[in-house]
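Student: This structure is in structure tokens; I'll ask about it shortly.
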Amino acid sequence: MYDKIPTNDLKNKCYEYLTSKDEDVVEYKNMIMLMYPKEVYVIKKVNKNIEYNIIEEEECFELINQGSILEQKNRYFKVKIKVTSYNYAEAYKNAVMATNKYIEQNKNISKEEIQKYFAKQLEHEGSKIIDNKEKTVMYVYKKQDDVDIGRGDYSVVISKLPEQKDNLDFLNAMLGGLVEEMDRTKLPEGVDLEETLELMGIE
């Protein structure tokens with residue numbers, strides 16, 4: 001076990017993921033924007049508040065262009081990354097629970113009222129985890145490559161392992177378990193994230 005300084009490539013990973021055109025991450029980006037509606041550069045701030053430490057690495061090889069005349073072995077490192085982030089999952093879960101309770105106690109409320117209430121609860125819970133410094137520590141395995149950027153220079157790049165289909169496990173760790181929590185705990189009935197963003201005037 002050792003503790004290695006994170007690469008420059010890691011420092012903006014969360015920002016890259018959340019601002020990409022990947023439809024799989026839109027709902028997580030929207031949730032963060034709802035959680036911190038007064039933050040102008042909220043994605044950059046979330047990105048800045050994540051700590052990375054590479055604590056293990058293992059030399060590996062993968063076959064490139066397998067079966068062709070261009071087949072070659074590519075050397076890389078499988079790294080174990082410790083990710084420390086705020087517990088956005090807890091903020092989300094608490095906001096959902098509070099909203100569900102509100103719906104139970106107010107049977108005839110409109111969809112708009114539910115969405116506004118959820119947004120306010122989400123903002124409250126999001127502020128609370130920051131004020132109380134509630135953080136999570138999660139671990140992910142990723143691929144570390146030395147990429148030739150020309151003129152004899154190399155850049156260290158972190159990406160998904162050959163056997164991984166996406167980087168949602170990494171995003172989950174960056175967002176304190178939010179990806180898993182949103183799968184586990186469904187939005188309150190009547191809440192649509194894009195509609196709620198528009199309702200609250202968040203772009």
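The values are calculated or read from the model by the stated rules, or taken from the named source; none is laboratory data. If you're wondering where the values come from, they're calculated on a predicted model, not measured in any experiment. Ideal geometry is used to build each Cβ from the backbone, glycine not excepted, and the neighbour counts take in all protein chains shown. The protein model used for the area step is the full one, side chains on, heavy atoms only, and it has no ligands, DNA or RNA in it. Shrake-Rupley method; radii C 1.70, N 1.55, O 1.52, S 1.80 Å.
Student: Quick one: helix 26-35 against the long Cα principal axis of the chain, what's the angle to the nearest 10°, folded into 0 to 90?
Tutor: Approximately 50 degrees, to the nearest ten.
Student: Shifting gears a bit: Hey, any idea what % of the chain's accessible area is carbon plus sulfur with a 1.4 Å probe?
Tutor: Values: 5530 of 12070 Å².
Heavy-atom surface of the chain belonging to carbon and sulfur, 1.4 Å probe: 46 percent.
Student: Quote the FRET efficiency, to the nearest 0.05, computed for GLU23 versus ARG184 with a Förster distance R0 of 22 Å and r equal to the Cβ-Cβ distance. Before the final figure, lay out each step's value.
Tutor: Details: r = 21 Å, r/R0 = 0.93.
For GLU23 and ARG184, the calculated efficiency is 0.60.
Student: Size of the chain along its principal axes in angstrom, Cα-based, largest extent first?
Tutor: Principal axes ranked by extent give 68, 37, 29 Å for the Cα atoms.
Student: Take the alpha-carbon centre of the range 154-197, take the same for the range 1-76, and report the distance between them in whole Å.
Tutor: Using only Cα atoms to place each centre, the spacing works out to 11 Å.
Student: How far, in degrees from 0 to 90, does helix 111-131 lean away from the longest principal axis of the Cα atoms of the chain, to the nearest 10?
Tutor: 60
Student: Additional query: Report, to the nearest 10°, how far helix 88-105 tilts away from the longest principal axis of the Cα atoms in the chain, using its own Cα long axis and a range of 0 to 90°.
Tutor: Long axis of 88-105 versus the principal axis of the chain: about 20 degrees.
Student: What GluC sites (Glu not before Pro) in the range 107-148 are in a loop by DSSP, with at most 16 other Cβ atoms within 10 Å of the Cβ? Don't skip to the end; give the middle numbers.
Tutor: Values: sites: GLU112, GLU113, GLU123, GLU125, GLU134; in loops: GLU134.
Listed in order of number, the matching sites are GLU134.
Student: Sticking with this structure for a sec: Run the numbers for GLU56 and VAL40: contour at 0.36 nm per residue of separation, minus the present Cα-Cα distance, in nm.
Tutor: On the way: separation 16, 0.36 × 16 = 5.76 nm, distance 3.63 nm.
Length gained between GLU56 and VAL40: 2.1 nm.
Student: Rounded to the nearest whole Å², what accessible area per residue is found for the chain with the 1.4 Å probe?
Tutor: On the way: 12070 Å² over 203 residues.
Each residue of the chain exposes 59 Å² on average to a 1.4 Å probe.
Student: Further question on the same structure: Lys and Arg at +1, Asp and Glu at -1: add these up for the other residues within a Cβ distance under 15 Å of ASN94 and post the number. Don't jump to the answer; show the numbers that get you there.
Tutor: Values: positive: LYS93, LYS101, LYS120, LYS128, ARG184, LYS186; negative: GLU90, GLU123, GLU125, ASP131, GLU134, GLU181.
Once positives and negatives cancel, what remains is 0.
Student: Determine the calculated [θ] at 222 nm for the chain from helices alone, applying -39500 (n - 2.57) to every DSSP H run no shorter than 4 residues and normalising by the residue count; nearest 500 deg cm²/dmol. Don't skip to the end; give the middle numbers.
Tutor: Working: 9 runs with 87 residues, N = 203.
Dividing the helical sum by the residues of the chain leaves -12500 deg cm²/dmol.
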